[in-house]
Every structure is written in C-alpha cells, then in structure tokens.
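The values are calculated or read from the model by the stated rules, or taken from the named source; none is laboratory data. Treat the numbers as computed from the prediction; the structure is a model and nothing was measured. Positions of Cβ are generated from backbone atoms using ideal geometry, with glycine treated the same way; all protein chains shown enter the neighbour counts. Only protein heavy atoms, including side chains, enter the accessible area calculation; ligands, DNA and RNA are left aside. Shrake-Rupley method; radii C 1.70, N 1.55, O 1.52, S 1.80 Å.
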Amino acid sequence: MKALHTLRRLILPLSAAMLVASAWGAQTARKSHDAAVARNLNVFNSLVKELELNYVDTIRTDESFATAIKALLSTVDPYTEYYSSDDAENLGRMTTGEYGGIGSYILERDSFTYISGPYEDSPAALAGLRAGDKILRIDTVSAKGLPSAKVSKLLRGQPGTSVRLEVERPWAGPDSLLTIDIERRKLQTPSVPYFRLDTATGIGFIRLTSYIDKSPKEVETALDSFMRSGRLKGVVLDLRGNGGGLVESAVDIVGFFVPKGTEVLRTRGKNRNAEKIYKTSRKPLLPDTPLAVLIDGGSASASEITAGSLQDLDRAVLVGSRSYGKGLVQGTRPLPYDGFLKVTTAKYYIPSGRLIQALDYSRRNPDGSVARTPDSLTNVYRTAAGREVRDGGGLKPDVEIDWGKVSRLLYNIARDNWAFDFATRFAATHPSIPAPEDFEITDEIYADFKASIDPARFKYDKVGEELIKRLNETLDDEGYMNDSVRSQLDGLSRLLVHDLGSDLDSKRKEIAAYLGEEIASRYYYERGRAAQQLRDDKAYDEAVRILLDPAEMKRILKK
C-alpha cells in the first residue's frame, strides 16, 4: 500500500504537468496560427494596393477577387462556397426550393437554349410551353448564343411580373413561330416528384430527390395516402441520386419510422463542447411497417443520414450500391455587402457512432488530390442488433445491386438528343398515351425511332478507333511496326465498323427504357419519367421481394 501511495504521489503531479504542457502547446500553436493569418492578410492587402497603384493596365477587380476567393476555398473542401449578393437567391433555393420564375427545365444546344420540360402545373406549362421549344428571344433580348445560365437568370424574376418569350416549335408547320406571355410566380420545386401504392403487392414507393424545408411534409402526404388505402404492406424510400440538403428534414423523415426520442445523429465541430444531438420529436407514423431504402453513389449528406441511421437502428434494409460518403455539415455565415459563406462547420456521426465521410480534405496528396479511405483502414461499428457496419467510405447497402454499364450507343443517343427529339415529335403527333405505369415502347414505336436516326449524322464515340490509332503510333515509335503487324491492325480496324441498325436492335432493351422515360415525361412530367423508370428497376424489384418475405427481412436485419 505504501508503494502504491508513493506511486500515486509521483503520477498525479506528472499528469498535471503533462496537462499544463499540452494546454500550453495548444495555446502556442493557436497564437502561431493567428499570427500567420494576420501576416498573410497584411501581405495580400499590400499586394493589392501595389497592383492598383503601379500595374500598367487597369485591374479587373471583381474577376480577380472572385478568382482569389475560389482559389482559397479550393484548399479546404468542395462544400465550402462563397455566394455574392447576386447568388443569394441560389442559396435560398437550396434550402427552401423556392424561387420566382416560370418553372421549366432548359437545355443548351446548337447555340440556343431549349425548353426540356416544364414543371407540372407551372406557369410555363399552363401558358403552353412544351419540351423541344427553341427560345429565340426573351423580352427584347435575343437568346442566340446566350449560355443557359444567362437564359435562366432572364427567365426568373419577381412573382407577378411577366416575361415574353418568342419560341420556335418543331413539327408545328406554319404555326412554328410563337409568342408566349408568361406571368412569373413563386415556385417550389417538389422534393417528392412521384409516389404510388402498388395495389397488387401493397408496396408503397416514394421518390425523394432532395431535402428542403417542406420535404418531411411531402413524405408525410405520401405515407398518409398509403395508410388510408388499408392495403399497405411495406414502403420503399428511393434516395438514389439525392445529394442531400437540410439535416433537420432528414431527422424528421427518420422520425416517421422510429420511436419518438430516438437519436439520429450527433454533430461535432471545432469546439468539442458544442456537440449537438438530433433526436426524433414526434410519434412515428409507421413504426413497424417493413421498410427498404434505395441508395447509390449519388446518395449523399442528408440522404445518407436518413439511410445510415435507419440501417444503424436496424429499421430498414438498404438496397443498391455504396453511397457517396459525405459526413460533413454546412452552415451559412453572413459576409459584407450581402454576401454569404456556406462553410463546413461540423462532422456528423450516425447512431452506431460511425462517420461515413469518404474523403479527408485535411490530408491531401502532394498533387493536391484527395483519396478515398481504403476499406482496409476503416473501423468496425455495430448496429443496434449487433450487425457489423464500417465507417469512412459511405454506406454499404445490406443488399448490393450490380447496375451494369450504360452502353456507348445509349450514351451517344442521349448526348446528341436523338431520343429527346423523337419524343418531342411523338408528342406533337400523338394527343395522348396510356398512364405512365402502363405505357410501353411497342415494336411500331421502336421501328419509328430507328427510322428517325440518320446514319450519316449519327456520331459514335470512336473509342475503339482511337485505341487502334494510338496502338499504331506506339508500335511505330517503338520499332515494332512491320507489314505483318500493320496488316493485322488494318484487319482489326475493319472489324470495328459499326452497323447502326444491328446495334440498335441488340441494345433495344436499354434504349427503349430510356425512350419510354422521354416520351412519358412529355405527357406526365417528372412523375411520368419516374413511373417509367420503375418498370425495369432491379433495385426496386429486389426491395419488393425482400419486403414481402418476413423471414428474409429478419435474416438480413439480425446479427
């Protein structure tokens, strides 16, 4: 006991000394950092003054400072951004989805901007604008050569004001030139463009595309409609391609499925004492209904909070492919002259305690790039039921789906707007189509699509040809080229000549699926596109199979 007492007498003062030394070291480092910031600000200020006084030409001030700000922010992470007073509307739209305008997607091509699809019930749709309309003039401004960002800015404005568009409508004959007056109004892009209950299976489907302040209400509306049917057996929440948004909306949506007071996440910033805990605040709507969440590489931030917390709580089966891996939280700070800084203020940790951030921006490679955390360096955490999950690389789904690869042919068709133009012509000559869930590309429609493609104008990606060309050059440079080798390569080149008709037939399934989306969107807007996408959706089909098999659900969600 005496020895132990003596040891304690030695350790306690030593520990105290170490704490003092650590605090002193941290304080010294902080002072050094602050001094470096002050020194560099003085240097930059002096440099600007010297340029203004002595540079032979006039400095383009706004452009130069915008470049400097962008360069500074590029050293932190891609989510920390500066918004000038002109960009404040864009920042507000990110959180509310609201803006003043006509309500339409646009597409830039051939030195003009086209209407690619008005929103349902928007001023653009009600005024008669259609997908495929070429914008010639906006009020008194010619639209030729204007970038789509400039066109978008001209179309937006204060609700109640009017804008006059002169458009050219394809396949409209003598009435192809139109003048359309549209009154702008306050718009909100819906975050749930489509939901439905499949009465045959009892599975409700919700497509959630973003997290704005009204997202929980939109999801609640869909769930209420499912519950009122009396047929609900399970829910599929589709978060694929959802880049996130408001953390609070993610927490509220999780609250529809888990008990009130359940912890969803914790955020920790520079000040560890300011840790914030988010818990659900309402009685759940569907605490026991089987639930599946669809994710992919485009699911990030708030969508990962929803999916990750439901996985950690063993409340839902995740189906799809690994999510993006964004575990950072942003807030806004006001700046002079009505500017804003959207800045990363914290990291978030879901119920198991894991951080799913895939990239560590504080540790860059010598070339400035940032690498993903390899699986071998990730840490194991446990769900509520004891299942193994990992940090540092996005969310790994419980059931993985191989999406396959998009063919180069389909890429060429989409890139050069062959399907877009065909859908526009189809809509101009067909007054109606069946409901989007029932519409399909028949042999006749596909034959018409094939006939609409001019082989002389169709542009293939010449990936194979380029590889053969580079191989020829490499072999020639390295001295391997001779008549025999050249003859073999020439023969290979001849084999790479495309047969467009044969290619369209061999890739019909994926091309017809894409074409169906384009055509359905002409009649039923985004809900038509979403409904068509579900017709041959491997992830959705697998989710439905699992939801209807209680034993399979239990097997997946148990330790």
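Of the strands (runs of 3 or more DSSP E) contained entirely in segment 311-393, those carrying at least 2 residues that are more than 24 Å from residue 288 (Cα to Cα), of a type in the set (A, V, I, L, M, F, W, C) and open to solvent by 10 Å² or more (accessible area, probe 1.4 Å) fall at 328-335, 339-349.
When the strands (runs of 3 or more DSSP E) confined to segment 64-181 are screened for residues that are without any contact (Cβ under 8 Å) to a residue 40 or more places away in the chain, those reaching at least 3 such residues are found at 112-118, 134-138, 162-168.
Of the set (1) surrounded by fewer than 15 Cβ atoms within 10 Å (Cβ to Cβ); (2) of a type in the set (D, E, K, R); (3) closer than 22 Å to residue 331 by Cβ, all apply to residue 283 but (3). Considering only segment 69-80, I want to know if a residue exists there that is in contact with a helix residue (DSSP H, G or I) (Cβ under 6 Å, 6 or more places away or on another chain), surrounded by 17 or more Cβ atoms within 10 Å (Cβ to Cβ) and either at pLDDT below 90 or not charged (D, E, K, R) (or both). Yes, some residue in segment 69-80 is in contact with a helix residue (DSSP H, G or I) (Cβ under 6 Å, 6 or more places away or on another chain), surrounded by 17 or more Cβ atoms within 10 Å (Cβ to Cβ) and either at pLDDT below 90 or not charged (D, E, K, R) (or both).
Among the criteria (1) surrounded by 17 or more Cβ atoms within 10 Å (Cβ to Cβ); (2) in contact with a Phe, Trp or Tyr (Cβ under 8 Å, 6 or more places away or on another chain); (3) of a type in the set (Gly, Ala, Ser), the one residue 202 does not fulfil is (2).
Given the condition assigned to a helix (DSSP H, G or I), touching a Leu at 6+ places or on another chain (Cβ under 7 Å) and free of Cβ contacts under 8 Å to residues at least 40 places away in the same chain, answer yes or no: does some residue in segment 478-486 qualify? Checked against the condition, which is being assigned to a helix (DSSP H, G or I), touching a Leu at 6+ places or on another chain (Cβ under 7 Å) and free of Cβ contacts under 8 Å to residues at least 40 places away in the same chain, segment 478-486 yields at least one hit.
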